[in-house]
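Right, one structure below, let's go through it.
The values are calculated or read from the model by the stated rules, or taken from the named source; none is laboratory data. Computed from a prediction, not measured in an experiment: that's the story for all the values here. Backbone-built Cβ (ideal geometry, glycine too); neighbour counts: all protein chains shown.
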Amino acid sequence: MTNTRLTTASGIPVADNQNSMSAGARGPLLLQDVHLIEKLQHFNRERIPERVVHAKGSGAYGRFTVTQDITRYTKARLFSAVGKTTETFVRFSTVGGEKGSADTERDPRGFAIRFYTEDGNWDLTGNNTPTFFIKDPIKFPDFIHTQKRCPFSNLKSPQMMFDFWANTPESLHQVTILFSNRGTPDGYRHMDGFGSHTFSLINEAGERVWVKWHFKTQQGIKNLKARDAVRIAGEDPDYAQRDLFQAIESGRFPRWTAYVQVMDDAQRLDWERRTGWDAFDLTKVWPQGEFPRLEVGVLELDRNPDNYHADVEQAAFSPGHVVPGLGFSPDKMLQGRLFAYHDAQLYRVGTNHQYLPVNRPRCPVQHQQRDGAMAVENFGRAQNYQPVDAAGVPDGDHGHGEPGWALNGTSGRFDPRPAADDYTQPGNLFRLLSAEERQDLFDNMAGPLSQVDATLQDRWLGHLAKADPAYAEGVAAALRARSAR
Ligand code: HEM
């Protein structure tokens, strides 16, 4: 709301916003200048902590429109009819860099989509890659430490990165994507998005299928060559923010077509038995030949936020936000993430972050959580406990419970790696690349790999050779070419 009268935050008219109150023309200043003091105090508190990962990002509002009927798989009301639209908010991001880092750094890109449904917020907090580096959340803090700055030198460290990856062979699939030109997408509009994990869809009959979500860009895939990414990082570090913002301001609304790959549980068991893979392993993809993508709808972004801090910086996405008709899977990474996001946001944004406009559901909200800092919505006189011997008090809608899935086994800490095949899928990806794409991959990887010690280089090349001997030979040749320069 604009107002021509300048006031303090308490609404009191400000007499003069350009001259501090002083004892005489030369000062000193007076403590009774409460406007000056409030202004300086609030300024000192303008920053909230940046996200511990995905700190640099861009966001926009839009809508999701259903184009194909998937009600045989899900009762989620946002998919109830072809043509139905749901308001969305999307935040794109890089992962490892700080809030002021360059948009064109080599990194996965976050692709977090919020759907404001009539049954609450559904957040598909994904990336632009269908896989990830690790398959157990206990490794996530260590992995991220290798992507951030060395505690001693305060520099990014290829030695730390390749040390971790060489000890974590399941990372090879994602590392191959990272060092291909897909590691430097040309802005956010020209890349695909993936839910990455295996999730569930649940229909009216309570039947569950396993799904993977894909959002294919309608702008066409465009990646940057490494030399251009480096040049742009210097010339225009906010390249992706500028591109997205300007496209939307000028009416060139970006769009993605949404698809699901579907597997019922019998198919899962059969596929796992035949291939030896785990359908819930985030370091692997499901083959599209056997599990084709089914179109679901279109996501379009058509509105820039009016205020970056209010909407983009304070947005609090969580993989734990799913609505009736959607569900999780036993993927250990997803299970770890279900805890991590809300916890991070209690610290980063605050106890009542769900009341902020970008986070507030667009449907009625009723629960017994109360108080805490900034309790904007505190439910007035409503009961704050349950069970309660009174009529009209909101109760859980037990019809919305998920069907269970069968669990068994003895508790323990299980290392899947000795038996896992971590090389076939990255090898398959490598063999799909054109000669030019392979050469770019070799050169892109050789850059940071040339900065690590020789023993680690050899160990890393050993992993590449297991994926495809030509992969290792190509990177080794690129390393030799660099050292001959
Ligand atoms: C952001 C934890 C894996 C995608 C975050 C944040 C945390 C976190 C704490 C910051 C949240 C905030 O302050 O709002 C973890 C943990 C993981 C994990 C513990 C593994 C166990 C993944 C994976 C993906 C992913 C596999 C993609 C498939 C994202 C995205 C954001 C994010 C897109 C930024 C969301 C936004 O734009 O606000 N993660 N993460 N993360 N994570 Fe993860």
Unmet requirement for S318, which otherwise passes all of (1) farther than 21 Å from W210 by Cα; (2) assigned to a loop (DSSP other than H, G, I, E, B): (1)
List every residue pair whose Cβ atoms sit under 9 Å apart, with the two residues 6 or more apart in sequence or on different chains, where the first one lies in segment 445-462 and is more than 20 Å from P426 (Cα to Cα) and the second, anywhere, is exposed (fewer than 12 other Cβ atoms within 10 Å of the Cβ). S450/S483
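Does segment 71-91 hold any residues that are more than 12 Å from the ligand (Cβ to nearest atom) and outside any loop (DSSP other than H, G, I, E, B), and which are they? Even if it seems obvious, please write down each step before you answer.
Taking segment 71-91 as the starting set, the residues that turn out to be more than 12 Å from the ligand (Cβ to nearest atom) are 71-88.
Selection gives R77, L78, F79, T85, T86, E87, T88.
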Selection within segment 171-185 - outside any helix (DSSP H, G or I) and either on the phi > 0 side of the Ramachandran plot or surrounded by fewer than 23 Cβ atoms within 10 Å (Cβ to Cβ) (or both): S180
Kindly list, by first and then second residue, each pair from a residue in segment 167-182 that is free of Cβ contacts under 8 Å to residues at least 24 places away in the same chain to a residue that is surrounded by fewer than 23 Cβ atoms within 10 Å (Cβ to Cβ) and part of a helix (DSSP H, G or I), limited to pairs with Cβ atoms under 9 Å and residues at least 6 apart or on different chains. N167/R459
Can you pull out every residue in segment 395-431 that is over 27 Å from the mean Cα position of the chain (by Cα) and either within 30 Å of P469 (Cα to Cα) or surrounded by 14 or more Cβ atoms within 10 Å (Cβ to Cβ) (or both)? P418, A419, R431
Checked against (1) under 17 Å from S318 (Cα atoms); (2) within 13 Å of the ligand (Cβ to nearest atom), Y116 satisfies every condition except (2)
Going through segment 241-271 one residue at a time, which ones are crowded, with 17+ Cβ neighbours inside 10 Å, in a helix (DSSP H, G or I) and among the small types (G, A, S)? A247
Cβ-Cβ under 8 Å pairs, at least 6 apart or on other chains, segment 300-318 side over 17 Å from A112 (Cβ atoms), far side among the β-branched types (V, I, T) and assigned to a helix (DSSP H, G or I): D302/I248
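Listed here are the residues, each with its yes/no results for (1) among the charged types (D, E, K, R); (2) at pLDDT 95 or above; (3) closer than 28 Å to V312 by Cα; (4) in the same structural domain as N307 (by TED's automatic domain parsing).
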| residue | (1), (2), (3), (4) |
| --- | --- |
| G11 | no, no, yes, no |
| N17 | no, yes, no, no |
| G24 | no, yes, no, no |
| G27 | no, no, no, no |
| L40 | no, yes, yes, yes |
| E46 | yes, yes, yes, yes |
| P49 | no, yes, yes, yes |
Do we have G220 as in contact (Cβ under 8 Å) with a residue 12 or more places away in the chain, buried (at least 24 other Cβ atoms within 10 Å of the Cβ) and under 30 Å from D443 (Cβ atoms) here? no
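Restricting to segment 91-101, give me the number of residues that are within 13 Å of Q241 (Cα to Cα) and buried (at least 20 other Cβ atoms within 10 Å of the Cβ). Step through it out loud before you land on a result.
So in segment 91-101, the residues within 13 Å of Q241 (Cα to Cα) come out as 91-94, 99-101.
Filter once more, keeping what is buried (at least 20 other Cβ atoms within 10 Å of the Cβ): 91-94.
Final tally of qualifying residues: 4.
Output the residue which, of all residues in segment 361-410 that are β-branched (V, I, T) and more than 24 Å from G350 (Cβ to Cβ), is modelled with the highest pLDDT. Lay out the reasoning, then the answer.
Of segment 361-410, the ones β-branched (V, I, T) are 365, 376, 388, 393, 410.
With more than 24 Å from G350 (Cβ to Cβ) added as a condition, the list becomes 388, 393, 410.
Details: V388: 85, V393: 76, T410: 95.
The extreme case among them is T410.
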Against the definition (among the aliphatic types (A, V, I, L, M) and over 38 Å from the mean Cα position of the chain (by Cα)), how does A25 come out, yes or no? yes
Within segment 54-85, track down each residue that is crowded, with 22+ Cβ neighbours inside 10 Å, touching a helix residue (DSSP H, G or I) at 6+ places or on another chain (Cβ under 8 Å) and not aliphatic (A, V, I, L, M). G57, S58, G59, F64
Sole miss for T94 among (1) out of contact with any Leu (no Cβ under 9 Å at 6 or more places or on another chain); (2) closer than 23 Å to W460 by Cβ; (3) within 16 Å of the ligand (Cβ to nearest atom); (4) hydroxyl-bearing (S, T, Y) is condition (2)
How many residues are more than 8 Å from the ligand (Cβ to nearest atom) and either modelled with pLDDT under 95 or over 16 Å from A375 (Cβ atoms) (or both) if we restrict to segment 348-360? 1
List pairs: first in segment 405-421 and within 18 Å of R273 (Cβ to Cβ), second assigned to a loop (DSSP other than H, G, I, E, B), Cβ under 7 Å, 6+ apart or cross-chain? P416/K135; D421/G276
